Amino acid sequence: MEIKGYTYGFFGKRGEYRSEEGIASQDALYDTGVNWMCLAVVMMQKTCMSTEMHFSFRDSASDRDLIAAIDRAHKKNVKVCLKPMVNSEDNIWRARISFPDGEDDSDPYWDEWFKNYTDFMTYYAELAEETGCEMLCIGCEMCGTEYKEKHWRKLIAEVRKVFSGKVMYNTNHGNELSAKWYDDLDYIGTSAYFPVGVKTPDNIEEVERKAAEVDAGLADPSEMPELIPCSDYDVMVKNWKHIADEIQKVYDRWKKPILFAEIGCRSAKTCASMPWDFKHTDLPHDEQEQANFYSSCLEVFAEKPWFAGAFWWDWSTTIYHTREEAAKDNGFNIHLKLAETALKEAYARL
């Protein structure tokens, strides 16, 4: 497994990467044995139907923050994937960014959005090149845009004019076979929030299909098949093995290494059955379920020759410092939790 990675500092604000707490958090992350770090910087658009984007100097990491974090990572012999992302201020998931198709080869809304998005991406591609980043992620979970093959191929060509490293795109789980332009990539990434903590492996295909439809806004959450949550390690391994068989088909089609560009699970009971969840803050603390999610995934995928690795989600710029604080945190952070021990042990072996 090439990439033993983690995403750091999503929604980190200006100055946080360079702050005393931010640097301490980075050092704690390096102690897990990562050899890659993914840095996610966010650009905003007003709504999911807006064609223009803007940078928030108040809410986003600055270029100086990125340069400093990249430099520190490289001094620690940690490679960097720069991941510019677009979010919508109306709080609608970026997967639903979409526009009407034009007629007679005219695509004015899409043309305008991709023009602005390409300007945004090539700006950070230049920064990635100048700072020696080894990888650039050109999009994240933008399911509503992925059928625009001509536009994506043109964007990738523009990125490659200014960036000499590896290029990756991050689709969402369940959408890995939807796009037609992945042959232009170096890595195929997916947000691997698969619901493996369930006692219903016999209908896992239905669960995955319906979850993808719900994520894409094509189905109501009430239409999801009944999931029976289960934190059992062996059940998770069984479900991951089924998922590995499905992901193998993506590799067989494209012959490109597969990267779990996002993957994680909160330290709360039942979260392995809905690892994408961040809203249910009333769930009881459960570190073992989180640790089982991490360990079971790596047990199944680490030895797959086509599996590049993972960027786990995500390591905060400001981290807690004591075991007592960790026991009160039900988020994705794994610091001082059982999952951190599991990850350290796995990364030490790999």
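Residue by residue through segment 220-237, note down the ones that are of a type in the set (A, V, I, L, M) and modelled with pLDDT of 80 or more. Once the filter is applied, which keeps residues that are of a type in the set (A, V, I, L, M) and modelled with pLDDT of 80 or more, segment 220-237 yields ILE228, VAL235, MET236, VAL237. For the condition assigned to a loop (DSSP other than H, G, I, E, B), of a type in the set (Asp, Glu) and out of contact with any Ser or Thr (no Cβ under 7 Å at 6 or more places or on another chain), GLU52 qualifies. Quick check on GLN248: is it more than 20 Å from the chain's Cα centre (by Cα), of a type in the set (S, T, N, Q) and part of a helix (DSSP H, G or I)? Here the answer is no, as GLN248 does not meet what is asked. Scanning segment 289-314 for residues that are of a type outside the set (A, V, I, L, M, F, W, C) and buried (at least 16 other Cβ atoms within 10 Å of the Cβ) turns up GLU289, GLN290, ASN292, TYR294, SER295, SER296, GLY309, ASP314. Counting the residues of segment 6-27 that are touching a strand residue (DSSP E or B) at 6+ places or on another chain (Cβ under 8 Å) and either surrounded by fewer than 20 Cβ atoms within 10 Å (Cβ to Cβ) or of a type in the set (Val, Ile, Thr) (or both) gives 2.
For beta carbons closer than 7 Å, sequence separation of 6+ or different chains, a first residue in segment 160-187 that is more than 18 Å from LYS83 (Cβ to Cβ) and a second that is modelled with pLDDT under 95, the qualifying pairs are GLY174/GLU208; GLY174/ARG209; GLY174/ALA211; GLY174/ALA212. Only one of the numbered conditions (1) within 25 Å of LYS199 (Cα to Cα); (2) out of contact with any strand residue (DSSP E or B) (no Cβ under 8 Å at 6 or more places or on another chain); (3) modelled with pLDDT of 95 or more is not met by ASP286, and that is (2).
Residue under question is THR317, and the condition is that it be buried (at least 16 other Cβ atoms within 10 Å of the Cβ), in contact (Cβ under 8 Å) with a residue 12 or more places away in the chain, in contact with a Leu (Cβ under 7 Å, 6 or more places away or on another chain) and farther than 21 Å from GLU141 by Cα; does it hold? Please lay out each step first, then the result.
On the way: buried (at least 16 other Cβ atoms within 10 Å of the Cβ): yes; in contact (Cβ under 8 Å) with a residue 12 or more places away in the chain: yes; in contact with a Leu (Cβ under 7 Å, 6 or more places away or on another chain): no; farther than 21 Å from GLU141 by Cα: yes.
For THR317, the condition - buried (at least 16 other Cβ atoms within 10 Å of the Cβ), in contact (Cβ under 8 Å) with a residue 12 or more places away in the chain, in contact with a Leu (Cβ under 7 Å, 6 or more places away or on another chain) and farther than 21 Å from GLU141 by Cα - is not met.
Only one of the listed residues (GLU213, GLU262, GLU206) is surrounded by 19 or more Cβ atoms within 10 Å (Cβ to Cβ) and either modelled with pLDDT under 90 or in a strand (DSSP E or B) (or both). That residue is GLU262. Each residue in segment 136-145 was checked for being crowded, with 19+ Cβ neighbours inside 10 Å and either among the aliphatic types (A, V, I, L, M) or closer than 14 Å to ASP101 by Cβ (or both), and 4 of them qualify. For segment 55-84, the set of residues classified as assigned to a loop (DSSP other than H, G, I, E, B), touching a strand residue (DSSP E or B) at 6+ places or on another chain (Cβ under 8 Å) and within 21 Å of GLU20 (Cα to Cα) consists of ASP59, SER60, ALA61, VAL78, listed by residue number. Of all residues in segment 144-163, those satisfying the criterion of being charged (D, E, K, R) and not in a helix (DSSP H, G or I) are GLU146, LYS148. Taken over segment 307-322, the residue count meeting the criterion of being out of contact with any strand residue (DSSP E or B) (no Cβ under 7 Å at 6 or more places or on another chain) and of a type outside the set (Ser, Thr, Tyr) is 2. Total residues in segment 265-298 satisfying the condition of being part of a loop (DSSP other than H, G, I, E, B), of a type outside the set (Asp, Glu) and under 24 Å from GLU226 (Cβ atoms): the figure is 13. The residue that is surrounded by the fewest Cβ atoms within 10 Å (Cβ to Cβ), among those in segment 320-337 that are without any contact (Cβ under 8 Å) to a residue 60 or more places away in the chain and among the hydrophobic types (A, V, I, L, M, F, W, C), is ALA327. Please indicate, with yes or no, whether at least one residue in segment 183-201 is assigned to a helix (DSSP H, G or I), surrounded by fewer than 17 Cβ atoms within 10 Å (Cβ to Cβ), at pLDDT below 95 and over 20 Å from the mean Cα position of the chain (by Cα). Yes, segment 183-201 contains a residue that is assigned to a helix (DSSP H, G or I), surrounded by fewer than 17 Cβ atoms within 10 Å (Cβ to Cβ), at pLDDT below 95 and over 20 Å from the mean Cα position of the chain (by Cα). Filtered by the rule that a residue be buried (at least 17 other Cβ atoms within 10 Å of the Cβ) and in contact with an Asp or Glu (Cβ under 9 Å, 6 or more places away or on another chain), segment 86-113 gives TRP93, ARG94, ALA95, PHE99, ASP107, TRP110, TRP113. Applying the criterion of being under 20 Å from the mean Cα position of the chain (by Cα) and polar (S, T, N, Q) to the residues of segment 151-182, the residue that is surrounded by the fewest Cβ atoms within 10 Å (Cβ to Cβ) is SER178.
Taking the conditions exactly as written (within 28 Å of MET1 (Cα to Cα), of a type in the set (A, V, I, L, M, F, W, C) and touching a residue at least 40 places away in the same chain (Cβ under 8 Å)), does TRP36 satisfy them or not?
Taking the combined requirement at face value, the residue satisfies it.
The values are calculated or read from the model by the stated rules, or taken from the named source; none is laboratory data. Bear in mind the structure is a predicted one, so any value in this text is a computation, not a measurement. Every residue, glycine among them, receives a Cβ derived from its backbone with ideal geometry; neighbour counts consider all protein chains shown.
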